[in-house]
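Q: The structure is given below, and queries will be raised subsequently.
The values are calculated or read from the model by the stated rules, or taken from the named source; none is laboratory data. Here the structure is a predicted model, which is why all the values come from computation and not from measurement. Cβ sites come from the backbone with ideal geometry, for glycine too, and all protein chains shown count toward neighbours. For accessibility, only protein heavy atoms count, side chains too; no ligands or nucleic acids. Shrake-Rupley method; radii C 1.70, N 1.55, O 1.52, S 1.80 Å.
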Amino acid sequence: MKYKISEYAKLNHVQYRTVWNWINKGKVKIERTKTGRVLIVVDEPVKDHTVAVYARISSSENKDNLERQAQRLIDYANAKGYKVEKVVKEIGSGLNDNRPKLQSLLADKSINLILVEHKDRLTRFGFNYLQAICDKHHTRIVVVSSDVQDKSLSEELAEDIISIIHS
């Protein structure tokens, strides 16, 4: 199957520039048309990923929610045709930048797709930094639920301030 760079980027949930970087490093096969357009040639399905799900809660009082969150992510992966290789469950603040299970997951070079329910499950601040670092290592982060993105700026700010005070 052949894809335009923009289509391939959307299918893989990465930026257009990331695909160009992959092309320059020889990570993807390409074909040039007579007009010079670059097409990505894919022999196997794009869904062939080594997938990990990451579930986190702030305190052990919500341990049942941790299990439900992980199961929702596994169900999502199954619905997309992904095979989950690793399930990481962690209890700790999203402000804590010293979470051993998350650090271990991010260091695992065999994982190339990380599923999280919301951005704030991965980290309270600096999500875009983590995503940029993962992109450099050819690991995608997919945020499964988008209802956090529908919050107003003032709601997000209020939650962040409460999280800081709580920590």
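Q: State whether the residues of the range 95-107 include one that is touching a residue at least 60 places away in the same chain (Cβ under 8 Å), over 16 Å from residue 72 (Cα atoms), among the hydrophobic types (A, V, I, L, M, F, W, C) and part of a loop (DSSP other than H, G, I, E, B).
A: First, pick out the residues of the range 95-107 that are touching a residue at least 60 places away in the same chain (Cβ under 8 Å): 95-96.
Right, trim to over 16 Å from residue 72 (Cα atoms) and you get 95-96.
Within this subset, residues satisfying the condition of being among the hydrophobic types (A, V, I, L, M, F, W, C) are 95.
Narrowing further to those that are part of a loop (DSSP other than H, G, I, E, B): 95.
Yes, that holds for at least one residue.
Q: Looking at the range 1-24 only, could you name the residues that are loosely packed, with under 15 Cβ neighbours inside 10 Å and of a type in the set (Gly, Ala, Ser)?
A: 6
Q: Then there is this: Open to solvent by 10 Å² or more (accessible area, probe 1.4 Å), over 17 Å from residue 133 (Cβ atoms) and in a loop (DSSP other than H, G, I, E, B), is that true of residue 76?
A: Numbers: open to solvent by 10 Å² or more (accessible area, probe 1.4 Å): yes; over 17 Å from residue 133 (Cβ atoms): yes; in a loop (DSSP other than H, G, I, E, B): no.
It is false that residue 76 is open to solvent by 10 Å² or more (accessible area, probe 1.4 Å), over 17 Å from residue 133 (Cβ atoms) and in a loop (DSSP other than H, G, I, E, B).
Q: Further, regarding this structure: Residues 27, 101, 83: which one is under 23 Å from residue 132 (Cα atoms), open to solvent by 90 Å² or more (accessible area, probe 1.4 Å) and in contact with a His (Cβ under 9 Å, 6 or more places away or on another chain)? Give the steps one after another, and end with the answer.
A: Details: 101 fails: in contact with a His (Cβ under 9 Å, 6 or more places away or on another chain); 83 fails: under 23 Å from residue 132 (Cα atoms).
The unique qualifying residue is 27.
Q: Which members of the range 107-126 meet the condition of being of a type outside the set (S, T, N, Q) and in contact with a strand residue (DSSP E or B) (Cβ under 8 Å, 6 or more places away or on another chain)?
A: Step one: filter the range 107-126 for residues of a type outside the set (S, T, N, Q), giving 107-109, 111, 113-122, 124-126.
Residues satisfying the conditions are 108, 111, 113, 114, 115, 116, 117, 118, 119, 121, 122.
For every residue, the table says whether it meets (1) under 28 Å from residue 99 (Cα atoms); (2) at pLDDT 90 or above.
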residue: 37; (1), (2): no, yes
residue: 41; (1), (2): no, no
residue: 45; (1), (2): no, no
residue: 57; (1), (2): yes, no
residue: 70; (1), (2): yes, yes
residue: 79; (1), (2): no, no
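Q: Kindly indicate which of 102, 130, 66 is within 12 Å of the chain's Cα centre (by Cα) and hydrophobic (A, V, I, L, M, F, W, C).
A: Working: 102 fails: within 12 Å of the chain's Cα centre (by Cα); 66 fails: within 12 Å of the chain's Cα centre (by Cα).
Going through 102, 130, 66 in turn, the sole match is 130.
Q: Taking the condition of being open to solvent by less than 90 Å² (accessible area, probe 1.4 Å), assigned to a loop (DSSP other than H, G, I, E, B) and either of a type outside the set (Gly, Ala, Ser) or within 24 Å of residue 80 (Cβ to Cβ) (or both), how many residues in the range 47-68 meet it?
A: Qualifying residue count for the region: 2.
Q: Among the listed residues 91, 114, which satisfies the condition of being modelled with pLDDT of 85 or more, under 15 Å from the mean Cα position of the chain (by Cα) and open to solvent by less than 80 Å² (accessible area, probe 1.4 Å)?
A: On the way: 91 fails: under 15 Å from the mean Cα position of the chain (by Cα).
That would be 114, the only listed residue that is modelled with pLDDT of 85 or more, under 15 Å from the mean Cα position of the chain (by Cα) and open to solvent by less than 80 Å² (accessible area, probe 1.4 Å).
Q: A follow-up question, please. Can you list residue pairs whose Cβ atoms sit under 8 Å apart, with the first residue in the range 66-77 being farther than 16 Å from residue 120 by Cβ and the second being outside any helix (DSSP H, G or I) and open to solvent by 80 Å² or more (accessible area, probe 1.4 Å)? Count only pairs 6 or more apart in sequence or on different chains.
A: 77/83
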